[in-house]
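Encoded as structure tokens, the structure appears first; notes follow it.
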Amino acid sequence: MTQAFTTAMRPGQGAMRALWFMALGIALLLAQAITAQARPESFADLAEKVSPSVVNITTATMVEGNAAPFPMLPEGSPFEEFFDRFRNRQGEGTQPRRSSALGSGFVISEDGFVVTNNHVIDGADEISVELFSGRILAARVVGTDPKTDIALLKVESDTPLPFVRFGDSDTARVGDWVLAMGNPLGQGFSASAGIVSARNRALSGTYDDYIQTDAAINRGNSGGPLFNLDGEVVGVNTAILSPTGGSIGIGFSMASNVVRQVVAQLQEFGETRRGWLGVRIQDVTPDVAEAMGLEKAAGALVTDVPEGPAAAAGMLAGDVIISFDGKDVADTRALVRQVGNTEVGKTVRVVVFREGKTQTLRVTLGRREEAEGTAQITQPGGQATPPEEKSLLGVTVQPLDDALRAQLELDSGVSGLVVTNVDEMSEAFEKGLRAGDVITEAGQQKIASIAELEARIAEAREAGRRSILLLVRRAGDPRFVALGIAE
């Protein structure tokens, strides 16, 4: 019986074993597919696919010639006449000469729109685009955006051009493979592979959102595309960080989600049209958050509200913007990008934290490019007798008068306390307060006298605060500083 039973079970066991091996085989195939996707054996197929859309860009500019260096010769020297004749032939080095530069770019539409960096074509008199096939086409500038260093060009072709599309740069993760293509050092079409090293890098621009990569980027790569493995452009290669001028594995590509919006505006209007809120802001630090009674250090603290959309909507200095158009505001950089990406003329809901509670304002955005051309006028006042001084919180202050307003070039309507000295061992010095600064608010209330500052400090202590928030102006620019008030 035992033997018969065992023999009878063997066919079932074989089937189970076959199923198990089949499942194992499928798992191994899936693992291999995943590995292949994460770590390709070759970028050849990708490079072959996207190369036809990548272009070399050559610019020509007429510049004034530099004066040729001539030796100082003693009067009567036999060489004096020779060098005089040479100078005359050269026009003393002032003859215009042609200067050329190289860069990269990529085609984004079959009718010939090309994206590159603004610095590649800035000031150029002539721009030539060399296609992967070797054809050379003249290009014209459609529009530029120096703030993101993006330029849009247009070439004319009698046949449709191969092009690439933008991908979603927000989905790029640190560690993802990327492929940089362009014209490094004028050597022609070239590809280099690497990974996304970091995200959301800022260099110096207001709207910076760079992808950092270790894919080799050198001079001439500027304006070229950074591709993901799907052949989508996730960045525009713009800058490198290097003590030598060559690639050391720290390159920066402007994120495609920024570029795509800029390109769309350049294509439609020939210029950018960014939303404008009309406030000056600073980040909310932990000590500022504590001084204001905020639960966390987030949002954008309004330091000044000049005439503009925010002022018209009732926003005040000291408000903390915690939400803009339905999205939370993480910090000042996030708010600037959110506002800039919003349509000019749109009315948005802005939630602010004011005096311990939230308030919603409706703001109709202006246009930043128009606002940046607005000049501010100061009106200095007259003379007055010097007032008293007093040391508080590590600073020596005195009330602002007409003489000090004239000296500091302040508007006649500005009131507050002038910092005349700062203890170098104090927290105030550590946080950047210096002689000449003007304290206009304390505890989010305007002050004009030393007695008012002392009263605000006393109120903050009675409320259990460990610090007090001061609004400080330097050369007209306001910022908030939180100073400890522990006795």
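The values are calculated or read from the model by the stated rules, or taken from the named source; none is laboratory data. Note that the structure is predicted; figures quoted are calculated from it, not measured. All Cβ positions, even for glycine, are placed from backbone atoms using ideal geometry, and neighbour counts span all protein chains on display.
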Is it fair to say ALA291 is of a type in the set (Gly, Ala, Ser), under 30 Å from LYS357 (Cβ atoms), in contact with a Ser or Thr (Cβ under 7 Å, 6 or more places away or on another chain) and outside the structural domain of MET181 (by TED's automatic domain parsing)?
yes
Find the helices (runs of 4 or more DSSP H) located wholly in the range 260-344 whose residues include 3 or more that are within 19 Å of ARG362 (Cα to Cα), and list them.
309-312, 332-340
Can you tell me which residues in the range 319-366 are loosely packed, with under 15 Cβ neighbours inside 10 Å and charged (D, E, K, R)?
LYS327, ASP328, GLU343, LYS346, ARG349, GLU355, LYS357, ARG362
Does at least one position in the range 238-252 carry a residue that is under 30 Å from THR364 (Cα atoms) and free of Cβ contacts under 8 Å to residues at least 12 places away in the same chain?
no
Does any residue in the range 428-447 that is more than 20 Å from LEU410 (Cα to Cα) come within less than 8 Å, Cβ to Cβ, of a residue that is assigned to a loop (DSSP other than H, G, I, E, B) six or more places away or on a different chain, and which pairs are these?
ALA428/LEU393; ALA428/GLY394; PHE429/GLY394; PHE429/ASP423; GLN444/GLY318; GLN444/GLU355
Between a residue in the range 312-325 that is more than 19 Å from VAL472 (Cα to Cα) and any residue that is surrounded by fewer than 18 Cβ atoms within 10 Å (Cβ to Cβ) and charged (D, E, K, R), which pairs come within a Cβ distance under 7 Å, given they are 6 or more apart or on different chains?
ALA313/ARG362; ILE322/ASP328; ASP325/ARG349
Residue ID - nearest to GLY484 (Cα to Cα), chosen from residues in the range 427-461 that are of a type in the set (A, V, I, L, M, F, W, C) and part of a strand (DSSP E or B)
ALA442
Contact list, first residue from the range 290-301 and within 14 Å of ALA463 (Cα to Cα), second anywhere and part of a loop (DSSP other than H, G, I, E, B) and small (Gly, Ala, Ser), beta-carbon distance below 9 Å, six or more apart or interchain, is GLU290/ALA297; ALA291/GLY443; MET292/GLY318; MET292/GLY356; GLY293/GLY356; GLY293/ALA463
